[in-house]
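Working notes, beginning with the structure itself.
What follows draws every value from the coordinates through simple rules; no lab data is involved. Everything numeric here is computed off the predicted structure, so don't read it as measured data. Glycine also receives a Cβ, built like all others from the backbone with ideal geometry; neighbour counts cover every protein chain displayed.
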């Protein structure tokens, strides 16, 4: 089980010092190559963890109709929120889509799933994907970053900007931008008691790399073996950005 391996990893990485204390250790990373929903169902509530993720877009599940994908999306978001312990937060990065003459609001779909789990929204940020005033077609010019929790509550004094000018550097076309990712990871580090970030749809490991760089342990789940391999080696620093993978700027995962 993941929770047992989590405790073993933490204990194994604690190094005794002569004064009886423990040396500061480097954050660790673990990537599982398997189906995210099956993994979350098996592991249950991930004690000591927060979740930061981006659920796959309808274009990534072409075998489903739009309505079937919406049902899958809400169910997957519900599973992710249910996996988050009361001391943690579940943060979702999503971009709406325009499909079949309609606007699909993923922020609403995630909020609906969280509400069904009894989790409250702590904040909702908007990141610009294109300059204000830009006309877009397949996707809008902004992305959502939404935070939910069953137990954590946010003080008004801790408020930060709600509209951010850019996503930041991206590792691939469906990745979370570095600026959005860093904001989410800093919130977990500074405003919760959790010290492990789990991304059940980790792709090439953007969230994992940023979490490690900011002092958090990270766990990812990715069905693609190729992306899982990249997720194990991707690195990020605030000064140098990403390394160990192809970097691009552009659209984000919806």
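Among 200, 56, 131, the largest mean-square fluctuation in a Gaussian network model of the chain, built with springs joining Cα atoms closer than 10 Å, belongs to 131.
Annotation: the antiparallel percentage among DSSP beta bridges lying fully within segment 28-243 is about 55. As I understand it, the value is the acute angle between the Cα axis of helix 178-191 and the longest principal axis of the Cα atoms of the chain; what does it come to in degrees, rounded to 10? Once rounded, one gets 50 degrees.
Which whole-number percent gives the relative contact order of segment 28-243, counting Cα pairs below 8 Å spaced six or more residues apart? List each step's numbers first, then the result.
Details: 455 pairs, mean separation 57.1, N = 216.
Reported as a whole number, the value is 26 percent.
What ranking of 30, 100, 222 emerges when the number of other C-beta atoms within 10 Å of each C-beta is taken as an exposure proxy, fewest first? Provide the component values of the computation, followed by the final result.
Numbers: 30 17, 100 10, 222 26.
Neighbour counts put them in this order, fewest first: 100, 30, 222.
Dividing the convex hull volume of the alpha-carbon atoms in segment 123-220 by its residue count gives 113 Å³ per residue. Residue separation of residue 66 and residue 128 scaled by 0.36 nm, minus their Cα-Cα distance, works out to 19.8 nm of gained length. Rounded to the nearest 0.05, the FRET efficiency derived from the C-beta distance between residue 157 and residue 28 at R0 = 25 Å is 0.15.
Here the chain has an Rg and Dmax of 17.7, 67 Å, counting Cα atoms alone. The C-alpha atoms of the chain define a longest principal axis, and helix 106-116 lies at about 60 degrees to it. Can you bin segment 80-140 into rounded, prolate or oblate? Criterion: square roots of the alpha carbon gyration tensor eigenvalues sorted a ≥ b ≥ c, rounded for a/c under 1.5, prolate for a/b above b/c, oblate for the rest. Prolate shape, in that a/c is at least 1.5 and a/b is the bigger ratio. Highest mobility in the GNM of the chain, judged by mean-square fluctuation with C-alpha springs under 10 Å and restricted to 154, 199, 115, is found for 154.
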